[in-house]
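Bear in mind these aren't lab numbers, they're just calculated from the coordinates by the rules spelled out. None of the values given here were measured: they were computed from a predicted structure. Virtual Cβ from ideal backbone geometry, glycine too; neighbours counted across all protein chains shown.
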Amino acid sequence: MNKVIFIIGVSGSGKSTIGQLLADNLNSPFFDGDDFHPENNIKKMANGQPLNDDDRQDWLETLNELAKQQLANNSCVIVCSALKQKYRDILNRDIESKTKWVHLSGTFNQISKRLQSREGHFMPSELLKSQFDILESPKEAIQIDISLTPENIVKSIKHELMNTSEFGLFGLGVMGKSLCRNLANNGFKISMFNRHVEGTEEDIAKNFKAQYPELSQAEAFDDISAFVKSLQQPRCIMLMVNAGKTIDYVIEDLLPHLSVNDIIIDGGNSNYKKTKERNAYLKTKGIHFIGTGVSGGEEGALKGPSVMPSGDKDTYKKIAPFLEKISAKDKNNLPCCTYVGPEGSGHFIKMVHNGVEYVEMQLLAEVATILEALGQNPDEIANTLETWKNAANSYLLEITTAIFRKKEGKDWLVHKILDKAENKGTGNWTTIASAELGVPSTLIASALFSRYISFYKEERVELNKNLKKENVSELNLTSNEILEAYQFARIISHYQGFKLISEASNTFLWHLNLSEIARIWTNGCIIRSTLIEELVEVFKHTTNILTSPKLIERVNQYIPSAKKVVSEGVLNDITTPALGEALQFFYGITTQYASANIIQAQRDYFGAHTYQRLKDDSEKSYHTNWN
């Protein structure tokens, strides 16, 4: 990755000499900031007058533009005083993560002697004190003692820049390994860590490095202290370990080795509430924390995942080049990675993403069951799903098609897989979050509980023997009707998922951009689909997809098929919980006068909970003595 190396310090510290030597060593362009001062600044300093902030503003902005222009093609070295943090902020603008700072520091007496012996410079030595007076020593710079020889100074800088890694990844499970290879393939120098457990986890990082040529420049560790020391400051460390207490244990293990302004990125499926707590805790330690949803599985992590980071926006800017470079790209070649919002919002939308994923998987399982009941074998089911791609393509549709084609011996592999579906908890969290926020994400709950039901395999077998199930009708469905029911349910599912995100955004004041969230889900992630691509545009005009004219027209078209498919399922003892719930939810959300008046009356009867009346805008509460 191209970088700008800013060498800073008071006048007379040797910036120009060191900068030129370093640039020559690195074979990079060199620029002396003094050469870019406007004429008025030079005259003012030559007359013994110190520059004020207004004098420096245009000069600093010019150097910032110079840095941006150079970064487009190569790295470079720029020297300038940049004595105050706000000056460095201007130089850093929009390129924070691509800058490295070197501070040449010395005493007033050391530098004063140098200035007195220097000839031909426009700034007199009397102005040196004014520079020391305003000097704010940078916290994130490589600190260099100017008493060293120029050659040793350059050697020290190169050691810091070249022998340290830009990015650290902690945890080499499936996703962690794929992300390491992705980072290395994109030209980043990385350090990799995996714990050492005698007899079970030994030399994991070292052996992993030896396995892939792209990791030849990566550093491998099983010692935390050495791992942290191998990273450039401020350090960027991404955790790819199991969610829950493990994250907290890892943070506590890392803390003694970290410095103020280091950055920890949690790339696992953490609960958004815990992300908020960890963010607040680490802030007290001076450590920045970013919670990042990552979707794409093993292949996505390697070739380009969808990335959903949240936390402090300025901190995100420092890690953006890493995450945006390794992410998938949308149809406009923009990264499927964006700053989502504050706190744990990134992990929240990843949680909802996984909830929608549960539904998408359940719907495909249900339509496959219906197609099987129509007499189709797995190859024929795959052929049917293949024909759906023009109308309703998605990553999950593609892999389900491939699953039904896979054989083991003479039989299809899908016939040999135990019908117990596991889960890792995010569907559970999504359902809990829905209940807490009062949002009816009924399809996610249905898909989750369908997995729970599947796990009662032994009980299902026993109940199947004892409780009568009997086909009472002939299954009368076409492939197109099943497709339309599937499309109907998917629209309802996406309505519910984005409704949950919208309500969370309003409740927690996150100000989430639904269109941008949909955009970063168009590639790299598990739920990428042509429907998601449509929603990018839909959400530019509304936060409710059921108000989109195109989707309204489509839903109205699909309703008859949805009703028929669910009815035929009921009549033929075929379980279709997600397809059925999509229809029931649709009836509920589009019912102008619901049965909830009866429930409210019941609540008032036994608990005096009161009720409100129709055609009464006063919001007055009423209670009736029902006896």
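Per residue, the chain reaches -16500 deg cm²/dmol at 222 nm when only DSSP H runs of four or more residues are counted, each adding -39500 (n - 2.57). Neighbour counts of other Cβ atoms within 10 Å put Tyr622, Tyr272 in the fewest-to-most order Tyr622, Tyr272. The Cβ shell under 13 Å around His37 holds other residues with a net charge of -4, Lys and Arg each +1, Asp and Glu each -1.
Computed from the Cβ-Cβ distance with R0 of 30 Å, the FRET efficiency linking Asp145 to Lys84 stands at 0.85.
Select one label from (1) 234; (2) 203; (3) 158: the one whose number is volume of the Cα convex hull per residue in Å³ as derived from the coordinates shown. Checking each listed value against the structure points to (1). Full extension of the chain segment joining Thr284 with Asn2 gains 98.2 nm, where the gain is 0.36 nm per residue of separation less the Cα-Cα distance. What's log10 of I(q)/I(0) for the stretch 350-589 at q = 0.08, 0.10, 0.12, 0.17 Å⁻¹, Debye sum over Cα points only, no solvent? Those come out to -0.30, -0.48, -0.69, -1.40, one per q. Looking at the stretch 149-207, which chymotrypsin sites (Phe, Trp or Tyr not before Pro) are in a loop (DSSP not H, G, I, E or B) and have at most 10 other Cβ atoms within 10 Å? Passing sites in the stretch 149-207 do not exist.
Would you mind working out the magnitude of the charge dipole of the stretch 98-243 relative to its Cα centre, with +1 at each Lys and Arg C-beta and -1 at each Asp and Glu C-beta, to the nearest 20 Debye? Show your work: numbers first, answer last.
On the way: 17 positive and 17 negative charges, 73 e Å.
Using Cβ point charges on Lys, Arg, Asp and Glu, the stretch 98-243 gives about 360 debye.
Between the residues Ala23, Ser105, Ile42, the greatest Cα displacement towards the positive end of the dipole of the stretch 4-162, with unit charges on the Cβ of Lys, Arg, Asp and Glu, is found for Ser105. Neighbour counts of other Cβ atoms within 10 Å put Phe36, Phe31 in the fewest-to-most order Phe36, Phe31.
Applying a DSSP loop filter and a limit of 16 other Cβ atoms within 10 Å to the chymotrypsin sites (Phe, Trp or Tyr not before Pro) in the stretch 470-521 leaves nothing. Backbone phi angles across the stretch 377-382, fed through the Karplus curve with coefficients 6.51, -1.76 and 1.60 (θ = phi - 60°), yield HN-Hα couplings of 7, x, 4, 5, 4, 4 Hz in residue order; Gly and Pro are listed as x.
Shape analysis of the stretch 466-567 places it in the prolate category; the axes a ≥ b ≥ c from the Cα gyration tensor give an a/c of at least 1.5, with a/b above b/c. Once C-alpha pairs closer than 8 Å and six or more residues apart are averaged by separation and normalised to the residue number of the chain, the relative contact order reads 10 percent.
Rounded to the nearest whole Hz, the Karplus-based 3J(HN,Hα) values (6.51 cos²θ - 1.76 cosθ + 1.60, θ = phi - 60°) of the stretch 506-511 follow the sequence 5, 5, 9, 6, 8, 6, with x at glycine and proline. The stretch between Lys469 and Thr200 holds 91.9 nm of extra length on full extension. This uses 0.36 nm per residue minus the Cα-Cα distance. Placing unit charges on the Cβ atoms only, positive for Lys and Arg and negative for Asp and Glu, gives the stretch 350-589 a dipole magnitude near 320 debye about its Cα centre. Among Thr543, Thr576, a tally of other beta-carbon atoms within 10 Å of each Cβ gives an order, fewest to most, of Thr543, Thr576.
In the chain, taking the dipole from charged Cβ atoms about the Cα centre, the farthest positive-side position among Met192, Leu579, Ile90 is held by Ile90. Residues whose amide H falls under 5 Å from that of Ile265, counting only those 5 or more places apart or on a different chain, are Ile237, Met238, Leu239, Ile290, with hydrogens built in the peptide plane.
Under 26 Å of direct C-alpha separation, and excluding same-chain neighbours fewer than eight residues apart, Lys406 reaches these lysines: Lys303, Lys389, Lys416, Lys420, Lys424, Lys457. Here's how it looks for Ala220: its modeled amide H is under 5 Å from those of Met192, which are all 5 or more places away or on a different chain. Whole-Hz Karplus values for the stretch 30-42 come out as 10, 9, 9, x, 4, 5, 10, 5, x, 4, 4, 5, 5 Hz, taken residue by residue from phi with 6.51 cos²θ - 1.76 cosθ + 1.60 and θ = phi - 60°; glycine and proline positions read x. In loop segments of the stretch 67-116 as defined by DSSP, the trypsin sites (Lys or Arg not before Pro) with at most 16 further C-beta atoms inside 10 Å of their C-beta are Lys84, Arg93. In plain terms, the chain from Thr387 to Asp616 could stretch by 77.1 nm, reckoned as 0.36 nm per residue minus the Cα-Cα distance.
Placing unit charges on the Cβ atoms only, positive for Lys and Arg and negative for Asp and Glu, gives the chain a dipole magnitude near 380 debye about its Cα centre. Kindly work out what percent of the DSSP beta bridges joining two residues of the chain are antiparallel, to the nearest 5. Percentage antiparallel, nearest 5: 25. Measuring from centroid to centroid over Cα atoms, what is the spacing of the stretch 587-621 and the stretch 68-87 in Å? Measuring centre to centre over Cα atoms gives 65 Å.
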